[in-house]
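Values quoted throughout were computed directly from the atomic coordinates according to the rules given, and no laboratory measurement underlies them. Note that the structure is predicted; figures quoted are calculated from it, not measured. So basically every Cβ, Gly included, is an ideal-geometry build from the backbone, and we count neighbours across all protein chains shown.
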Amino acid sequence: MRGVYSRSASYNRLDPSEKSAVSFFLGQAQAKVFAHDFFGVSRFVHLDAYLTHLGTPRSRTRPDFIGFHGRQVAVAAEVKGRSNGYTDTLVTNAKKQASNLPQIVGHPTSATYAHVAYFNHGEWCAYLEDPPHQRRAAAIDPAMLTVAYYLPVVSAIRSRDPDNRRFEEEGTPYITAYFVEADLTVSVRADIAKHVPVDDVDSPEARTLKASALYEWVLRLDETGPEAFAQQSALEEDDVRFLGRDGVLVELGPSWREWNERAQG
């Protein structure tokens, strides 16, 4: 992971229940960053989101996240976030959950691991451990998994009367929207967004066809590699913008820069 992260004074002033909530979400964020940077997996989907999209109840022993890149990389992770250290019991339980991996149809057996995000003397750390392999029947539909990943982002952008935009560093058209309540702008490639079904407009048959088209399209982008994003490396190193390998770009507004300057200053 890039850089060093530490607890702020504001975090230290929270009560225990507030710290637990913050640590829970920080754990998920850290796991997403690790999957992106280490495995190259940007489509990292919470299993609940996938099962909810299908209208299927969740099995209590399944891992938190599952994701893929192209046809050759698949991961499944059980993620824990802690305000301080971690215990062996926590890791053992996380490994047990991670070992119940649901395999993605048409992809290799997932690399599964327990991911614990925690603070050690104020520094944000990660501990990862992989469980013994347990082969399970293929159960995850990759097309619906892809929809479950993009649907929240694209729906949020569509709800804000989005603009069409091209970035100087990246010639591909994007749809983009500004979220004033968070002071950030979120964009997604237009050639991805057009394949994301609209639940209240598309028929079930159309949603299924769009899901298949979306999955095939992102596989093509994955196979293209860095060339799919002309200046991705430049945007990745930008202080206020980040373009992931999923075709989603996030830009921070001025309040984030001002806060960062105060924190560093």
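Quick notes on this one:
- As a rough guide to protection, the peptides 185-193, 103-111, 239-247 ranked by mean Cβ packing within 10 Å, highest first, stand as 185-193, 239-247, 103-111.
- In this simple spin-label approximation, Arg220 and Glu18 carry label points 7 Å from Cα along the Cα→Cβ vector, and these lie 5.0 nm apart.
- Net +/- balance of residues flanking Pro131 in space, Cβ distance below 9 Å, scoring K and R +1, D and E -1: -1
- Taking the average, over residues, of other Cβ atoms within 10 Å as the packing measure, peptides 116-123, 8-15, 177-184, 75-82 rank 75-82, 116-123, 177-184, 8-15 from highest down.
- Using the Cβ-Cβ distance between Leu209 and Arg166 with R0 set to 22 Å, the FRET efficiency from 1/(1 + (r/R0)^6) comes to roughly 0.20.
- Long-range Cα-Cα pairs in segment 11-88 (distance over 19 Å), rounded percent: 47 percent
- Entries in Lys32/Lys96; Lys32/Lys194; Lys19/Lys96; Lys32/Lys95 that, when Cα-Cα distance is taken, lie over 22 Å: Lys32/Lys194; Lys19/Lys96
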